[in-house]
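The values are calculated or read from the model by the stated rules, or taken from the named source; none is laboratory data. Computed from a predicted model, the values in this text were never measured in an experiment. Backbone-built Cβ (ideal geometry, glycine too); neighbour counts: all protein chains shown. Side chains included, ligands, DNA and RNA excluded: accessible areas come from the protein's heavy atoms. Shrake-Rupley method; radii C 1.70, N 1.55, O 1.52, S 1.80 Å.
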Amino acid sequence: MRVVIAEDSVLLREGLTRLLTDREHEVVAGVGDGEALVAVVRELAARGELPDVVVADVRMPPTHTDEGVRAAVRLRADFPELGVLVLSQYVEEEYATELIAGSSRGVGYLLKDRVADVSEFAEAVARVARGGTALDPEVVAQLLGRSRKQDVLAALTPREREVLGLMAEGRTNSAIAGALVVSHGAVEKHVSNIFMKLGLAQSDTDHRRVLAVLTYLNS
């Protein structure tokens, strides 16, 4: 896959580049601020070379507040097919919600500590590039805490909430089965019940999965 990295720490940027190139991915650009990120992606797109995914720090110059996530939101609006994975030092619920407000397709929000697990991070980047999601469990936990106050998910059982939370992290049914130590069939039944209780009519399964996750995260 082709990747653009936006990180103002040169050391971390070079580390991410090495991590990805060692796995035979191509890092086509590395920049240190949000405006440079938007500019380089637009330039690549104009040449017909839109990258598969952008990896960006939430906070970058000049104010080190929200430049990275603002750039990511702009790029998702301009290029819906572009995968965007943002990294943050802490769980910042407002930024996570803003990033996925339009669609959870091809989006990720991870804490920087996850980069320490090289295999997990590389897999998350690849999943976002393919159009999947990669949400840090701590982010999901905070959003779940908020959603428990809402009626929209009241009909779900505790186990169904747990399954939906893992779906929001971007996990497949097989991965959910492994995490919960249950059968694949049991997970499929839970997912089917979630769709029914959230009022998601029969349609493309992947589409209903995205809608279920969006309902969960936006509730």
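Values computed for the structure shown
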{"quantity": "Gaussian network model of the chain, springs between alpha carbon atoms under 10 Å - residue of Gly34, Gly185, Gly170 with greatest fluctuation", "calculated": "Gly185"}
{"quantity": "Candidates Val107, Val182, Val54: whichever shows maximal mean-square fluctuation once the chain is modelled as a Gaussian network with Cα springs under 10 Å", "calculated": "Val182"}
{"quantity": "Sparse-neighbour loop sites [trypsin sites (Lys or Arg not before Pro); the range 19-116; at most 15 other C-beta within 10 Å; DSSP]", "calculated": "Arg23, Arg47"}
{"quantity": "FRET efficiency, 1/(1 + (r/R0)^6) with R0 25 Å, evaluated for Asp113 and Arg2 via beta carbons", "calculated": "0.45"}
{"quantity": "The chain: calculated mean residue ellipticity at 222 nm from DSSP helix runs of at least 4, using -39500 (n - 2.57)", "calculated": "-16000 deg cm²/dmol"}
{"quantity": "Ala155 long-range amide H proximity, modeled H, under 5 Å", "calculated": "none"}
{"quantity": "Principal-axis tilt of helix 158-168 within the chain, Cα atoms, nearest 10 degrees", "calculated": "20"}
{"quantity": "Residue-normalised accessible area of the chain, expressed per residue, 1.4 Å probe, Å²", "calculated": "46"}
{"quantity": "Residue with peak Gaussian network fluctuation, the chain [Cα springs, cutoff 10 Å], from Ala29, Ala72, Ala56", "calculated": "Ala29"}
{"quantity": "Residues whose placed amide H lies under 5 Å from that of Ala56, excluding near-sequence neighbours", "calculated": "Ala6, Leu85, Val86, Leu87"}
{"quantity": "Ala186/Ala77 FRET efficiency (R0 41 Å; Cβ-Cβ; nearest 0.05)", "calculated": "0.60"}
{"quantity": "Cleavage-rule hits (GluC sites (Glu not before Pro)) in the range 19-123: DSSP loop, at most 15 neighbouring Cβ within 10 angstrom", "calculated": "Glu24, Glu49, Glu81"}
{"quantity": "Given (i) 141; (ii) 127; (iii) 118, the label whose value is volume of the Cα convex hull per residue in Å³ derived from this model", "calculated": "(iii)"}
{"quantity": "Long-range amide H partners of Gly170 with built H, under 5 Å", "calculated": "Leu135"}
{"quantity": "Whole-percent carbon and sulfur share, accessible surface of the range 1-131, 1.4 Å", "calculated": "49"}
{"quantity": "Label-point gap, in nm, between Glu138 and Thr157 - each point 7 angstrom along Cα→Cβ", "calculated": "3.2"}
